[in-house]
1. Per 10 Å bin, what is the whole-percent P(r) computed from every C-alpha pair distance within the stretch 27-265?
2. Kindly report the accessible area of the stretch 233-303 per residue (heavy atoms of protein chains, probe 1.4 Å, no ligands, DNA or RNA), in Å².
3. With respect to the cross-link table entries 216/236; 273/317; 180/211; 27/196, which display a Cα-Cα separation exceeding 27 Å?
4. DSSP loop (so not H, G, I, E, B), at most 15 other Cβ within 10 Å: list which trypsin sites (Lys or Arg not before Pro) in the stretch 59-129 pass both filters.
5. Using only Cα atoms, figure out Rg for the stretch 44-144 and give it as a multiple of 2.2 N^0.38 Å.
6. With a cap of 14 neighbouring Cβ atoms within 10 Å, and only residues DSSP puts in a loop, list the chymotrypsin sites (Phe, Trp or Tyr not before Pro) found in the stretch 340-398.
7. Between residue 245 and residue 322, what length in nm is gained on full extension when 0.36 nm per residue of separation is reduced by their alpha carbon distance?
8. Roughly how many whole Å is it from the C-alpha centroid of the stretch 48-86 to that of the stretch 251-279?
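The values are calculated or read from the model by the stated rules, or taken from the named source; none is laboratory data. All figures in this text were calculated on a predicted structure; none of them were measured in a lab. Every residue, glycine among them, receives a Cβ derived from its backbone with ideal geometry; neighbour counts consider all protein chains shown. To get the accessible areas, we keep the full protein, side chains included, count just its heavy atoms, and leave off ligands, DNA and RNA. Shrake-Rupley method; radii C 1.70, N 1.55, O 1.52, S 1.80 Å.
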Amino acid sequence: MKNRLALYGGRPVRSRFLRFHRSTTDKEEEKAVVDVLRSGWLTRGPATERFENAFSKYVRSRYALALNSCTAALHLALAGTGIKSGEEVITTPTGFASSANVIVHQGAKPVFVDVEEDTLNMDPERIESKINKKTRAILPVDFAGHPCEIERINRIARKYGLVTIEDAAHSLGAEFKGKKVGPLMDLTAFSFYATKNITTGEGGMLTTNNKRLIEKVRPLSLHGISRDAWDRYGLKGYRHWNIEVPGYKYNMFDLQAALGIEQLKKIDKFWEKRFKCVQVYNKAFGGIPEISTLSSKRYVKNAHHLYVIILKTELLKTDRDTILNAIQAENIGVGVHFRAIHLHPYYKKRFKFKRGMFPNAEYSSDRVISLPLYPSLTNSDLRDVISAVKKVIAFFRK
Ligand SMILES: Cc1ncc(COP(=O)(O)O)c(C=O)c1O
């Protein structure tokens, strides 16, 4: 039977599995990596510096520091700000593990603020009630590529003397009121993880316009020593270095940067393709009452990192996880962004978080599914995704 779900032995919509994500790299990336290999200098050096310069030019930030992940960038942002034990950082429960974990790494406490229903970004209305004498920073996430309420959050931070750290892992290329995300908060952290809008395999970037902050975080990214390897052994010959502060080993290296330089040249072209996919999905899912999708505010350019559907499980005979498994059985890869951080075992146990504390984050936590969204998706891939979702929803409709 054509409509029998693959989950229950029917024929899947696709014969070959469509991966949730596939990086788009080409001969330019291959050549750039080979050139670095042949140069005989693989760690942080001239290519990383070129990538930092190209990146800060693209996002129009004064400074950019290339790192081995966005998690490292977020951690350095907190460490460089001097966040310490006993202090509090306001963040969102709808994020990846990193944004809360790095706060814990500093010995500080993550204080969650619930999210807006329509964007799943931190709700600025709810921030001020969480601020007290221990609060040092606000760390919002640009969920799925939609910039958070940057202006309002900055205004609150200025009023209380707090630092703003933007988790822009999803939002490279996004704009807020015509300005690129990057220099708009005190510190901004980007990710080049394999699934991100551009990739270096693993990697991250920290941007800022603040000279004092960059001077604090730069040495912390490489053991807290006064010279990087290029500076110690490069063209100028050996020079002594000093440990100024006990830092971390978070630097990017030139092989990664070679990928980043080429990927960054393609970011706007990639965005066009993502946007087209989003339009196709929006049209297909717009009329399905059991599904809602996220909205974009009129004053932002959304980087469209993820395409998230929210299942109205009240109208369905089953839960999100069964639907997710059923779509996967149709040979369509999916993801879940995110199960709310405060409901994970460590956070429940350590900070006594409970279900019921952040209703919007919990609603989406139980209902979201992310569908494939990347530049190399073909029209036929998109048709398969849409057919699989429609088939599964029709089967479980009440
Ligand atoms: C919202 C968010 N923040 C931070 C990260 C961490 O990025 P990285 O893997 O580069 O450390 C991710 C990764 O998926 C993410 O989705």
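1. 8, 33, 35, 18, 6, 1
2. 59
3. Beyond 27 Å: 273/317.
4. For trypsin sites (Lys or Arg not before Pro) across the stretch 59-129 that sit outside H, G, I, E and B with at most 15 neighbouring Cβ atoms in 10 Å, the list reads 60, 62, 84.
5. Dividing the Cα Rg of the stretch 44-144 by 2.2 N^0.38 Å gives 1.21.
6. Filter output for the stretch 340-398: empty list.
7. Result: 22.7 nm gained on full extension.
8. The stretch 48-86 and the stretch 251-279 have Cα centres spaced 18 Å from each other.
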